[in-house]
1. Determine the principal axes of the Cα atoms in segment B:44-261, then give the extent along each, sorted from largest to smallest and rounded to whole angstroms.
2. Please find the FRET efficiency linking A:Phe83 to B:His229, where r is the Cβ-Cβ separation and R0 is fixed at 56 Å, and quote it to the nearest 0.05.
3. Could you tell me which helices of chain A pass both thresholds, a Cα extent of 24 Å or more along their own axis and a mean Kyte-Doolittle hydropathy of at least -1.0, with helices taken as whole DSSP H runs?
4. Have a look at B:Ala85, A:Leu316, B:Gln111 and report the one farthest towards the positive end of the charge dipole of the protein assembly as shown, computed about the Cα centre with Cβ charges (Lys/Arg +1, Asp/Glu -1).
5. Round to the nearest 0.05 the FRET efficiency obtained for A:Ile13 and B:Arg289 when R0 = 51 Å and r is the Cβ-Cβ distance.
6. Within 10 Å of each Cβ in peptide A:125-133, how many partner chain Cβ atoms are there on average? Round it to a whole number, please.
7. With the cut-off at 1.5 for a/c, could you classify chain A from its C-alpha gyration tensor as rounded, prolate or oblate?
8. Highest mean first, how do A:139-145, A:153-159 rank when packing is the count of other Cβ atoms within 10 Å averaged over residues?
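The values are calculated or read from the model by the stated rules, or taken from the named source; none is laboratory data. Because the structure is predicted, anything quoted here is derived from the model rather than measured. We place every Cβ from the backbone using ideal geometry, glycine too, and count neighbours over all the protein chains shown. Remember, those area values only see protein heavy atoms, side chains included, never the ligands or the DNA or RNA. Shrake-Rupley method; radii C 1.70, N 1.55, O 1.52, S 1.80 Å.
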Amino acid sequence: MSLIASPVLWLMIALGVGIPLVLIAGVRYLAYRLAGRPDSIASPSFDPLELPLPRFASSWQAVRMLVWVGLLGGGVGIIVLRFVYGIGAVTNLSDQFPWGLWIGFDVMSGVALAAGGFVICAAVHLFGLKRFAPLTRPAVLTAFLGYLLVIAALVVDLGRPYNIWRPLVHWQHHSVLWEVGICVATYTTVLFIEFLPVMLEGAHRVQAVARRLPVMPVARMIRKFTVVLAVLAVVLSTLHQSSLGSLWVLVPEKLSPLWYSLYLPVFFFISAVAVGLAMTIVESTLSSRAFKRGLELDLLADLGKYAAVVLVIYLLARFADLIARGAGPLLVQANLQTAFFWLEIGLGVVVPIILFSIRPLRYRPAVLFSAAVLVVVFGVVLNRLNVSWIGLLPYTGPVYFPSWMEILVSFTLVSFGVIAFGLAAKYLPVFPAEAER
Amino acid sequence: MSRTDIPVSRREFLKRMGTGAVGLVALQWVSMAQPALAADDPPPEEAWGILIDLTRCVGCNSCALACKASNGLPAPDVAPSALSADVYTFVEAHTVTTADGTAGTRYVKRQCMHCVNASCVSACPAAAMYKSPQGPVVYRPERCLGCRYCEVACPFGVPRFEWDNGLTPTINKCWMCFDRLQQGEQPACVSACPTGAMRFGKRSELLAQAHAQIASNPHRYVDHVFGEHEVGGTSVLYLSDVPFEELGFPTGLPETAPPEETEKIMNQLPTVIGGMTALMTGAAIFTHRKSNRSLEPIQAEKEE
């Protein structure tokens, strides 16, 4: 088979395995230099750079792990291919369809799914809903990692990523994309500062660091600005969450009237608030399972209640706008766009509203979690894909479906986000201690 | 290509940014909000344009070959059949029913329309796409991020990206031979046309000529100059004797330039910034007063 003979395949495998190995070894080396070797492996029979061999509970788990690592290696390899042979070599993108899965899913959906950071921060620090305070750190971490992934996806998708700083210098106040760029850059910085105290507290636990560096005073100093940072987070998020919708206002002749509206920015913002709440429910439920923590059910159920209110406003606004634009007849046609519209509105908005509003259902963790997942997958990710993909197909013709390599790269980036979240949750004080809840 | 054509207004804007106050930034933004054409540019009617009379085109491809030669594009003796990263213009053949009921062939030269208020220019986050005061929409690769929003935005599907270039892909499209214009010459395609189907001149004059031509030959021409009003006007204009929709021209284009809508939204941003800042600060002050605390942050956890 030519594929096996291809040096590209072996390059992919080598890099896919090699890069994680170097990273793990490097992190361990740094940790030992900073903190000294743990006593358990201080005996000379252990090499400090020896790789950790994970112990698997079952062979099934080991196989699953191997497949996952293999997929991630492949994803990294494809990213390398993209920089060697061009975007066209790994994607199905074309001049007729220049934005695909990496923009529609990784960037547009990624930014929306990271909205939990500003929503929870605003609730706790600006609206005085203090009981949600235990949720702020995981929400900020999710948002911070989400934005880092968005930037990573941009670096892969941009043709000339080394020019990514240009918008910061060449101000273009008529360009929506310029404003998105400025806000994403600024807000990622804000999220970094918001998360810095957690990282500093984590560093404080390492005695060698705590002895040498004044980490806690710095953390305390940053915390003084929490309210200012929360205001900044809300303002910057309002701007770019909505502007991701404004991007499509520029193409009135291309986007189906089911989605095209001058109020796209408003819809993108409202749905971002809803999915911020839903993502917090999803992320808290998943991490409570993964880390065997208790579930803050009463808090999460309340988030579901608020999400229902936001979704009702969103639903009414969407339909009022559709009717006012005279696009009503499109709602009853038999075509792909109408089907995807109802899939988005029905499963992603109407069903979650019902599940969130009925109190006994809301307090069942499985129902609460499913409703939140529906909002995430159908209400927002499908909405962003409808706007950036399905809704454009009547104009462009059926010219685009993501290649397996695009899908694998997206999967790889999301996986790295999940791994980073797991590592951060394990080594940093992200979740409040059991006693304090 | 001239690199000194940054609008003065923005330079001043950046200079005043130095004073730093957030409110001042917002105020400046309001006063700076303007269409993609900078204030010191001449009005669009003074800019150059090209009038293409489709009734005179015989499909000889001289223009497309001259374009390749003038821009140093590969395969200069092969007549192209579609726009690509190596083809800025080509001639498209359409079989149509003419006014007298017989079947005939019409040739349509395609290239960048050089919109007066261009979507690609409005879209570009780094001013790599630039509407020159002289009329051409030119591309400056050294600023380009390769985001391809210009391709998404273009109502005519013109820009072409180098999909097989890993590290230095560029956007490629007709630039109305901006280099030749600056030396006082006409675009290569116009100079090469043997039948006089293309005319180069000030856009306003070309429009007047086009309407005069329609008025003196009402039976020959469709009473429509394509590009006069489409997407707010284009610098390339077409005259035809068969309806434009039969020649593959896009229909249903808005008469207002799409950037006008996004610029309206962008002009709301200072209000959004100010309103949200006031609302959120107000909420913070209110809730902290209610809970009888100073503006110190509510903490998730006690410090160690």
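1. Extents along the principal axes: 54, 41, 33 Å.
2. So the FRET efficiency works out to roughly 0.80.
3. A:7-35, A:59-85, A:136-157, A:176-205, A:226-246, A:264-290, A:297-324, A:404-427
4. So the residue furthest toward the plus end is A:Leu316.
5. 0.25
6. What the average comes to for A:125-133 is 5.
7. Verdict is oblate for chain A.
8. A:139-145, A:153-159
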